[in-house]
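Enquirer: Here's a structure for you.
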Amino acid sequence: MTLTDRSAAAARRDSARRVHPAWWVAVVTFLTIIGAAGFRSTPGVLMTPLHEEFGWPMGVIGAAVSVNLVLFGLAAPFSAALMERLGIQRIVAVALLLVSIGSLLPIWVTQSWQLVLCWGIVVGMGTGAMSMGLVATVTGRWFVARRGLVTGILTAAGATGQLIFLPVLAWLAEHHGWRTAAVTTSATALAVVPLVLWKLHDHPSVLGVTAYGAPAGTPIGRPPRPTGHPARLALGTLRDAARTRVFWLLAGSFAVCGASTNGLVGTHFIPAAHDHGMPTTTAAGLLALVGVFDIVGTVFSGWLTDRVDPRVLLAAYYTLRGGSLFLLPSLFSDHMHPNMLAFVLFYGLDWVATVPPTIALCRLAYGERAPIVFGWVFASHQLGAAVAAVGAGLVRDQFGTYDLAWYVAGALCLAAALMCGAITTARLSDGSPRRTDSGADAVPAAQ
């Protein structure tokens, strides 16, 4: 037995006697995403107060959200490349500081461009570094067994943050003013930084262990860090992935995912309900319930992704989501009723259930470069969300109602279901995105 083999065996015996460090990393990642989720809840709650105080049109405020969503997506592949080069811990700590600063500065804004700078650019870059690319990186490095389940749990962290923050921020905005809500968001992001510096280790080899569930005999060590510039790595990965058909199908369907969730419902559900006479706190409570059911749905989706063809899951999710959006305009009223609660339950289960199977397909197709490839796929998610955030606001300004926005989003979801059904991919033999064909004809169940 070699020294490396003895070290690995000793590490596994030690791991059997205590909690594997991977679970602590997962816990801190979960809390980090919750801390960043405070801002994700902010625009929906503060759009109406900002509109009433400054007189800015919904389309203008929506533009600030749109810039945020674009950078939230575009920062993801570059942050994944930076994590490969500099480590997870440093990037996430800096990102949390950016979210805290960008959430605090708007309490002094007087012009709409200042809101775009703070909400859009500063917070967009910070939250982008802690998007689903972080989930793909952590699960890829720290887990072999239970990878799909952990992906679902970490993805659900955003919904957990929504559940925690939405009612609180809505209450603070209504009773103490929107600036108090903004300060609360800033303080929450800042509070997570010490946890990141304490427990969010970059790789199992840092602690002398292997990833959770790694096969017997796996040596303790990590692949060499990329030596090139992170931006070159991110752009080179995009160039190679863009030669494959599966990339465009995943990117197109995930753009629809972003348009129908963060961009439309996450940003405009509360103002749309307010248009029908529903109090802001009630609408925020309904959106928070979406977060409750999203936790269940996303974790269950992660469990299913370990067992079921991810393409089948995605096609089903988008079809069901599209049908629910077609029904939504008829459900709005000035009070909460059973039909709206049914929509909230159904939509919540499907909110980000698409993430675990999408990450699984990226991993199957692109191997070790999967986190960066998924970062680009996630960028398309946010571009779709940005278009929906602005477009729905313009629809509301032009027609006085959001109905057209809901119907268009429903139709796009049905198109996304067809795109997912057309995906044909298997893991590339060399673990890289350099093949130019679409892969094999069948997708094995994600492991």
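The values are calculated or read from the model by the stated rules, or taken from the named source; none is laboratory data. Keep in mind that what you see is a predicted model, and the values were worked out from it rather than measured. Glycine gets a Cβ as well: all are built from the backbone with ideal geometry, and neighbour counts include every protein chain shown. Only protein heavy atoms, including side chains, enter the accessible area calculation; ligands, DNA and RNA are left aside. Shrake-Rupley method; radii C 1.70, N 1.55, O 1.52, S 1.80 Å.
Enquirer: For a quick protection proxy, order the peptides 74-82, 248-256 by their average other-Cβ count within 10 Å, most packed first.
Expert: For the peptides 74-82, 248-256, the packing ranking is 74-82, 248-256.
Enquirer: Using r as the Cβ-Cβ distance of V206 and L345, and R0 as 41 Å, what FRET efficiency do you calculate, to the nearest 0.05?
Expert: 0.45
Enquirer: Quick one: grab the alpha carbon gyration tensor of segment 170-284, order the square roots of its eigenvalues as a ≥ b ≥ c, and give me rounded if a/c is under 1.5, else prolate or oblate depending on whether a/b is larger than b/c.
Expert: Judged from the Cα gyration tensor, segment 170-284 comes out oblate (a/c at least 1.5, b/c at or above a/b).
Enquirer: Taking only C-alpha pairs under 8 Å that are 6+ residues apart, what is the relative contact order of the chain in percent?
Expert: 26
Enquirer: Might you work out the accessible area of F54 for me, using a 1.4 Å probe with all protein chains in place, and round it to the nearest 10 Å²?
Expert: 60
Enquirer: Which distance in Å, rounded to a whole number, links the C-alpha centroids of segment 312-340 and segment 22-65?
Expert: 23
Enquirer: For A145, list long-range residues whose amide hydrogen, built 1.01 Å from N in the peptide plane, is under 5 Å from its own amide hydrogen.
Expert: G213, A214
Enquirer: Using a Gaussian network model of the chain whose springs link C-alpha atoms within less than 10 Å, name the residue from R18, R307, R396 with the highest mean-square fluctuation.
Expert: R18
Enquirer: Suppose the chain between T282 and T401 were pulled fully straight at 0.36 nm per residue; how much longer would it get relative to their current alpha carbon spacing?
Expert: 40.9 nm
Enquirer: While we're looking at this one, here's another question. Enter the angle in degrees (range 0 to 90, nearest 10) between the Cα long axis of helix 370-399 and the first principal axis of the Cα atoms of the chain, meaning the one along which they spread out most.
Expert: Its long axis makes an angle of about 10 degrees.
Enquirer: Order the peptides 95-107, 406-418 from the highest to the lowest mean number of other Cβ atoms within 10 Å of their residues.
Expert: Result, highest mean first: 95-107, 406-418.
Enquirer: How big is the accessible area of H20 in square angstrom, nearest 10, if you roll a 1.4 angstrom probe over the protein chains?
Expert: About 20 Å², ignoring ligands and nucleic acids.
Enquirer: Here's another thing I want to ask about it. Quick check: from the Cα gyration tensor, does segment 301-436 come out rounded (a/c under 1.5), prolate or oblate?
Expert: Prolate, because a/c is 1.5 or more and a/b exceeds b/c.
Enquirer: Additional query: Along its three principal axes, how long is the chain when you only count alpha carbons? Whole Å, largest extent first please.
Expert: 72, 46, 40
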